[in-house]
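Reviewing the structure listed below.
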Amino acid sequence: MRDLALTAVFALLLAMVFKHPAMGAYLWAWISVMNPHKLAYGFAYSLPFAQITALTTMLVLVFTRKRHAIPLNMITGLWACLVIWMTLTSPFALNDRDVVFDRWFFVMKIHLMTLVTMMLITTELELKRLVLVVTLSLCFFGVKGGAFTALTGGSYRVWGPPDGMLAGNNEFAVGLVMSIPILYWMRQLATRRYLRTACTLSMLLCTLSVLGTQSRGALLAVVAMAVFLGLKSTHPVRVSLLICGAMLVTVAFMPDSWSERMDSIGAYQGDESAQSRLWTWQTLWNVALDRPLVGAGFRAEALFIFERYAPTTGAGEAFLSAGKSWVAHSIYFQMLGEQGFPGLFFFLALWTAVWLRAGRLARKARDIPELAGWMPLLLNMIQVSLIGYAVGGAFLSLAYLDLPYYFMAYVVLADVFIARRHAQGRAGSPAQAQSPGSMAGNGGARPGLAKGG
């Protein structure tokens, strides 16, 4: 029954893509982030929903007029440089060609669909809907995981969407850390009390779910995120106090096993997991020193690469003798080891540019009445989310994760819409003049989620 219902809903939404091209972006976000078919138990589990969605959406993109070109600016320029560089390093990769190509194809698919998404989201209302789809697709598991943690007293780990990039407990935790600020944005925009209550409850359950993953890196990420969320919120002092209080109560609720695991953050000498990370980072650093321009290429976790570059002192000798190798466990060392110093530079420069641009656009949007009620706070929350990614990603191999690139797309699209509003103002056109399906009639100071905004 679940398989039939899911397939029927998918078919209906897919048919709507031909009339409303932006639906293709929403459908792809839903399928790629949530993996809803992996919650089924029959024929739907193995159906290629993602491939069907991608092909249909790109086909519609070719023929539709409801699209726009992506602007050339610092963000899109650095993004293009990163994608091109990852392509150029692939022929020089150390791993087997087929393995490298599979990984390259997977990464390029993410970037291609990010580009398609940005071209199909042509109005401010469509941007807000995209943010909702991406956030709720992941927070569905966050709410469920938070309830599970509360009911079990935190005795078991929480895991993410099955068979996805965020399936692991550590990865899922970072994804939730990035999503909680957007839930706060949703709460501030909600015009109905029950929606605000639902958003508040979702934030608390997602935070509890992060702690329930028992991820040590995510604990640091959620603390950093909470600090910036307080600073960037509309009521900094009140929100900061509420967050601190909620964190203290939640941590006190967790069992002793959770506390012992978190206490091991500072005791890395006797922790094999921490030792393996340090050893892996040293290995990838050695790779970058030997191959500074191209690194090891995709999939640098191969055993023969570790045998060539890993240090043999300390725990390294035992790891090598046991035939062990690990993934990077850090977005920074992952980019450095696989894409060399230029790849790391483009990666860091891209996210720095996104963070800075979001701040500048937030200040610009405050001067535009139609945007002042929702866009500045969204851009500020994107900055908070990227702080969570920067801290949590320091301990996880999430350099190629699709979720941060949605946040990049939000900022690029916000730039487009702000420029459009300025152009309308200079031309003397009505402030609400937009294409059909835009925010016309919903441009007050606080467009509410209950009205579809």
Can you give me the angle between helix 375-392 and the longest principal axis of the chain, using Cα atoms only, in degrees from 0 to 90, rounded to the nearest 10? 10
Between region 193-212 and region 277-305, what is the separation of their alpha carbon centroids in Å? 40
Computed Kirkwood radius, in angstrom, where 1/r is averaged over Cα pairs of the chain: 23.1
Spatial separation of Cα centroids for region 132-161 and region 33-111, in angstrom: 27
Label residue 327 and residue 3 with points 7 Å out from Cα along Cα→Cβ: what is the distance between them in nm? 2.9
Counted neighbours (other Cβ, 10 Å), sorted fewest up, put 237, 222, 391 in the order 237, 391, 222
Between residue 313 and residue 43, what is the label-to-label distance in nm when each label sits 7 Å out along the Cα-to-Cβ direction? 6.2
Karplus 3J(HN,Hα) series, Hz, for region 414-426 with 6.51 cos²θ - 1.76 cosθ + 1.60 (x for Gly, Pro): 4, 4, 4, 6, 5, 4, 5, 5, 5, 5, 4, x, 5
Kindly state, as a whole number, the per residue volume in cubic angstrom of the convex hull around the alpha carbon atoms of region 1-67. 65
From the backbone phi of region 167-178, what are the Karplus-calculated ³J(HN,Hα) couplings (6.51 cos²θ - 1.76 cosθ + 1.60, θ = phi - 60°) in whole Hz, Gly and Pro given as x? 5, x, 5, 5, 5, 4, 4, 5, x, 5, 4, 6
Interchain or sequence-distant (5+) residues whose placed amide H lies within less than 5 Å of the amide H of residue 213 are 158
Sorted by Cβ neighbour density within 10 Å, fewest at the top, the residues 239, 177, 60: 239, 60, 177
Angle in degrees between helix 331-365 and the longest Cα principal axis of the chain, rounded to the nearest 10: 30
From the cross-link list 109/364; 19/128; 19/144; 66/128; 232/364, which pairs have alpha carbons spaced over 22 Å apart? 109/364; 19/144
Principal-axis tilt of helix 49-63 within the chain, Cα atoms, nearest 10 degrees: 50
If you take all C-alpha pairs in region 96-187, what percent of them are over 20 Å apart? 53
Test of understanding: ordering 345, 105, 92, 333 by Cβ neighbours within 10 Å, fewest first, what list do you get? 105, 92, 345, 333
Which length gain, in nm to one decimal place, applies between residue 273 and residue 15 when the Cα-Cα distance is subtracted from 0.36 nm times their residue separation? 88.1 nm
Any residue on another chain or 5+ positions along whose placed amide H is under 5 Å from the amide H of residue 397 is listed here as 329, 330
Please compute the modelled spin-label separation between residue 356 and residue 201, points set 7 Å along Cα→Cβ, answer in nm with one decimal. 4.3
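Taken together, the values in this text are just the output of simple stated rules run on the coordinates, not laboratory data. Keep in mind that this is a model prediction, so the values were computed, not measured. FYI the Cβ positions are ideal-geometry reconstructions off the backbone, even for glycines, and counts take in every protein chain you see.
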